[in-house]
Amino acid sequence: MPTVAPDVVAAALTSAEYALFAAVGRPRRCYAGETLFRRGDLGTTMYVIASGAIDLDFGDDLVSKRLGPYEFFGELGLLIGDHARSADAIAASDGELIELRHEEFQRLVDDDPERVSHFLRRAIMRVVLNEQSLIRRLRRRNQDLQTALDSLRATAHQLNQTEELIRTDELTGLHNRRGLAQHLAERRRTGSLKGLGLVLVDCDRFKQVNDDHGHLIGDRVLQSVASILRSVASDGDIACRLGGDEFCLLVSADSRDAVLGFADFIVTTTRGLMQVPRHAEPGEVPLACSVSIGACLVDDARDWNDWYAQADTALYRAKRMGGNRVEWQDDAFAAA
């Protein structure tokens, strides 16, 4: 069996992880002899030990464990929800714990997704190794084994969901910069960067929308633009919110006319949304705003920064010309 690095399966958090968990968790005092939960209890909370010690008694012929400061336990209850505890957790001394529920864990995902993803991988590896030990000892208990495997599948599903959150913009549901970078890295790995066009989209006078109508209306305008980009993207294309009111669309297109067809559709559709009657909403609340677009073909011999710079040049030319339009940029134009 291959060996696993000790830091991968260690129950102790790093100093950075501990600080992250302590910032959002709830402190709780515990006293020697106090029972936190019993084996078989349904739980949804994970615990981190700030001080003191906790004994985990797994019963039967399994060895008990004593955990100390910076170590954690009960993570499956947090990740899966209503998970049957596999041990009695009893305070071995007076101390303090940090409790984390699902809502606090979600804040961790939002605040530091990469660190949380690393923690989840390590936690899952620890669960895998623990369950492998159980399988060797308790082969005759088929039902317990099935429960353990179900827990692993549910935990893996939670990890997939967390990684999806890391790649996705929460407001619009489009890919974020991280998701775009992963998509481009995969395309470059498979040699599928040929025949692509880049459409760079920026909302015109978006700050004015926020100033006049508030951020909730501004968010709805961004969601409208995102919906238009999503409707244009086909399988293999990718729509992304780069940040703020800037978006991009990477599409399969092998000619200037093909790329401009996508860009013109986006501009025309936003114009149409701006003209939709809104009598039911006083104050002429906007459904969308006009957009400026810079477009170019992708040179697979170059990288994202080169493509972005080329499309960005066209975008700012569109802005200088009053917005609500598409401008094209290619090497011939740049040379001229």
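Brief remarks on what is shown
- Yes/no for P6 being open to solvent by 40 Å² or more (accessible area, probe 1.4 Å) and at pLDDT below 85: yes
- Residue pairs meeting the criteria (Cβ under 8 Å; at least 6 apart or on separate chains; first free of Cβ contacts under 8 Å to residues at least 60 places away in the same chain, in segment 294-305; second surrounded by 17 or more Cβ atoms within 10 Å (Cβ to Cβ)): D299/W307
- Helices (runs of 4 or more DSSP H) enclosed by segment 173-287 - at least 1 residues per element that are among the β-branched types (V, I, T) and open to solvent by less than 10 Å² (accessible area, probe 1.4 Å): 215-232, 256-274
- Scanning segment 33-62 for residues that are surrounded by fewer than 16 Cβ atoms within 10 Å (Cβ to Cβ), in contact with a helix residue (DSSP H, G or I) (Cβ under 9 Å, 6 or more places away or on another chain) and over 23 Å from I80 (Cα atoms) turns up D60, D61.
- For segment 226-251, filtering for residues that are over 19 Å from T269 (Cβ atoms) and touching a Ser or Thr at 6+ places or on another chain (Cβ under 7 Å) leaves 1.
- Within segment 317-330, the set of residues being outside any helix (DSSP H, G or I) and without any contact (Cβ under 8 Å) to a residue 12 or more places away in the chain comprises M321, G322.
- Checked against the criterion of being aliphatic (A, V, I, L, M), part of a loop (DSSP other than H, G, I, E, B) and crowded, with 18+ Cβ neighbours inside 10 Å, segment 307-316 has no qualifying residue.
- Among the residues of segment 70-96, those identified as at negative phi and without any contact (Cβ under 8 Å) to a residue 40 or more places away in the chain are G77, L78.
- A91, sole failed condition from (1) touching an Asp or Glu at 6+ places or on another chain (Cβ under 8 Å); (2) surrounded by fewer than 17 Cβ atoms within 10 Å (Cβ to Cβ); (3) not acidic (D, E): (2)
- The helices (runs of 4 or more DSSP H) found entirely in segment 60-160 that carry 1 or more residues being modelled with pLDDT under 70 and within 28 Å of the chain's Cα centre (by Cα) are 113-137.
- Residue match in segment 228-250 (condition: under 24 Å from the mean Cα position of the chain (by Cα), under 21 Å from T313 (Cβ atoms), among the β-branched types (V, I, T) and modelled with pLDDT of 90 or more): no
The values are calculated or read from the model by the stated rules, or taken from the named source; none is laboratory data. Quick caveat, the model's predicted, so the values are computed rather than measured. Counting neighbours? That spans all protein chains shown, and the Cβs are built from the backbone with ideal geometry, glycine included. Note: accessible area is taken over every heavy atom of the protein model, side chains too, but ligands, DNA and RNA are not part of it. Shrake-Rupley method; radii C 1.70, N 1.55, O 1.52, S 1.80 Å.
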